[in-house]
Amino acid sequence: MILSPVRRWECPNCSMTDVTTKPVANRYHPCAGVAGLMAPMVPAGTRAKVTAVEREDYIGKEKVQLAPNGRPVMSVVTERPDGSNDVMVFAPSAVGKVD
C-alpha cells in the first residue's frame, strides 16, 4: 500500500490554509497580506515572515510585476527564525521591436 502524506499549509500574513496529499515542495496563493501578490504558504506551525520587496532600480520600458498600489515589486521573501530564507523573484520582461 502506498500512503499519501498529508501536509497542512498556512499563510503567516492572511487566514489562508490548505491541505495537500501529493508531495509538493511549496504552495502559493494570491495573498491579501502581501498586496495580492503570489506568496508562498508555509507548513502549518512554522514561524515565518513573508514580505514583498519593492524594486529600487530604474525600470525603463520593462514589463514588471506591479502591486495593486501601482508600485513595482521585485520579489517576495520568506524569512525563518533560524536565519534561512526563500526568495521568489518576479523577473522583468524586456520589450523590443523589429523594424
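Suppose we filter Pro81, Pro72, Pro40, Pro68 for residues that are within 11 Å of the chain's Cα centre (by Cα) and not hydrophobic (A, V, I, L, M, F, W, C); which single one remains? If you could, list the steps in order and put the result at the bottom.
Numbers: Pro81 fails: within 11 Å of the chain's Cα centre (by Cα); Pro72 fails: within 11 Å of the chain's Cα centre (by Cα); Pro68 fails: within 11 Å of the chain's Cα centre (by Cα).
Among Pro81, Pro72, Pro40, Pro68, only Pro40 is within 11 Å of the chain's Cα centre (by Cα) and not hydrophobic (A, V, I, L, M, F, W, C).
From the list Asn69, Asn85, exactly one residue is closer than 21 Å to Ala25 by Cβ and either of a type outside the set (A, V, I, L, M, F, W, C) or at pLDDT 90 or above (or both). Which is it?
Values: Asn69 fails: closer than 21 Å to Ala25 by Cβ.
None of the others qualify; the one that does is Asn85.
Quick grid of which residues meet (1) exposed (fewer than 14 other Cβ atoms within 10 Å of the Cβ); (2) among the polar types (S, T, N, Q); (3) touching a Leu at 6+ places or on another chain (Cβ under 9 Å):
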residue: Leu3; (1), (2), (3): yes, no, no
residue: Pro12; (1), (2), (3): no, no, no
residue: Pro30; (1), (2), (3): yes, no, yes
residue: Met41; (1), (2), (3): no, no, no
residue: Val73; (1), (2), (3): no, no, yes
residue: Asn85; (1), (2), (3): yes, yes, no
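Could you go through segment 16-31 and let me know if any residue there is aliphatic (A, V, I, L, M), under 11 Å from the mean Cα position of the chain (by Cα) and modelled with pLDDT under 90.
No.
Can you tell me which residue in segment 14-28 is surrounded by the most Cβ atoms within 10 Å (Cβ to Cβ), limited to those that are farther than 20 Å from Glu79 by Cβ and not polar (S, T, N, Q)?
Taking segment 14-28 and keeping what is farther than 20 Å from Glu79 by Cβ, we get 15, 17-24.
Cutting the leftovers down to not polar (S, T, N, Q) gives us 18-19, 22-24.
Values: Asp18: 13, Val19: 10, Lys22: 7, Pro23: 8, Val24: 9.
Per the stated criteria, the residue is Asp18.
The values are calculated or read from the model by the stated rules, or taken from the named source; none is laboratory data. Quick caveat, the model's predicted, so the values are computed rather than measured. No Cβ is skipped: glycine too gets one built from the backbone with ideal geometry, and neighbour counts run over all protein chains shown.
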